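Notes follow once the structure below has been shown.
Laboratory data are not the source of any read-out in this text; all were calculated from the coordinates shown. Just so it is clear, the model here is predicted, and its values are computed rather than measured. Backbone-built Cβ (ideal geometry, glycine too); neighbour counts: all protein chains shown.
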Amino acid sequence: MRCLLPLALLACLYAGPPAKPLGWGPVQYLVGDWIGEGGGAPGQGTGSFSFTPDLQGKVLVRKNHSEYPKSQERAAAVHDDLMVVYRETPEAPPHAIYFDSEGHTIRYELPVAADPGNIVFVSSPEPSAPRYRLTYTRVDQDRLKIKFEIAPPGKPGQFTTYIEAGARRAAK
């Protein structure tokens with residue numbers, strides 16, 4: 001009996017060979033470390049983010065850190081956020097869930113893009129809540145543009161730009 005228990009536990013823990021990582025299609029371009037680019041205008045923030053495969057390639061984890069200097073209108077601020085990109089099944093389109101240091105949670109879908117140079121995360125419309133759209137536009141192999149837009153409650157298609165930025169891939 002003593003010999004069978006360890007074997008039974010080992011059999012329970014072993015579930016076969018590791019699953020192959022999922023292909024991320026156009027989102028694969030985002031994998032890596034990125035540094036925010038800006039024009040250096042007063043009050044403009046600085047930051048960096050990364051997209052890293054995790055859980056044996058089953059999810060992509062984005063971690064973002066931004067700092068905004070003090071200005072006449074506001075105190076200095078730091079913003080951190082975490083987004084996990086995932087698929088509910090290997091064939092399903094990606095989804096994402098976002099959390100930030102201000103207490104926001106956003107659930108995103110990634111509709112199939114007609115233009116593979118644009119990666120668009122968009123939240124589902126809800127009558128009493130804002131709708132969000134986060135777009136990464138590929139400029140070249142090592143640069144991209146970022147746009148974050150918000151549509152007011154009850155007007156899910158009327159997005160206005162909240163933040164526009166650029167980023168370049170960090171040197172390895």
_Calculated from backbone phi, Karplus (6.51, -1.76, 1.60) coupling profile of the stretch 74-84 in Hz, x at Gly/Pro_ = 7, 6, 4, 9, 10, 10, 10, 8, 9, 10, 10
*Farthest positive-ward along the stretch 20-169 dipole, Cα basis, beta-carbon charges - from Pro69, Leu55, Pro111*: Pro111
_Residue order, fewest to most surrounding Cβ atoms within 10 angstrom, among Thr105, Thr137_ = Thr105, Thr137
*Residues with beta-carbon under 13 Å from that of Lys63, excluding Lys63: net charge, scoring Lys, Arg +1 and Asp, Glu -1?*
-4
*Net charge contributed by nearby residues that have their C-beta within less than 13 Å of Asp33 (K/R +1, D/E -1)*: +4
*Give the relative contact order (percent, whole number) for the stretch 20-169; include only Cα pairs under 8 Å separated by 6+ residues.*
16 percent
_If you take every residue apart from Gly47 with its C-beta less than 13 Å away from the C-beta of Gly47, what net charge results, scoring Lys and Arg +1 and Asp and Glu -1?_
-3
*Fewest to most neighbouring Cβ within 10 Å: what's the order for Arg133, Arg107?*
Arg107, Arg133
*asked:* What distance in nm separates the two pseudo spin-label positions at Arg143 and Val31, each 7 Å out from Cα along the beta-carbon direction?
replied: 2.5 nm
*Sorted by packing (mean other beta-carbon atoms within 10 Å per residue), highest first, where do 29-37, 149-157 land?*
29-37, 149-157
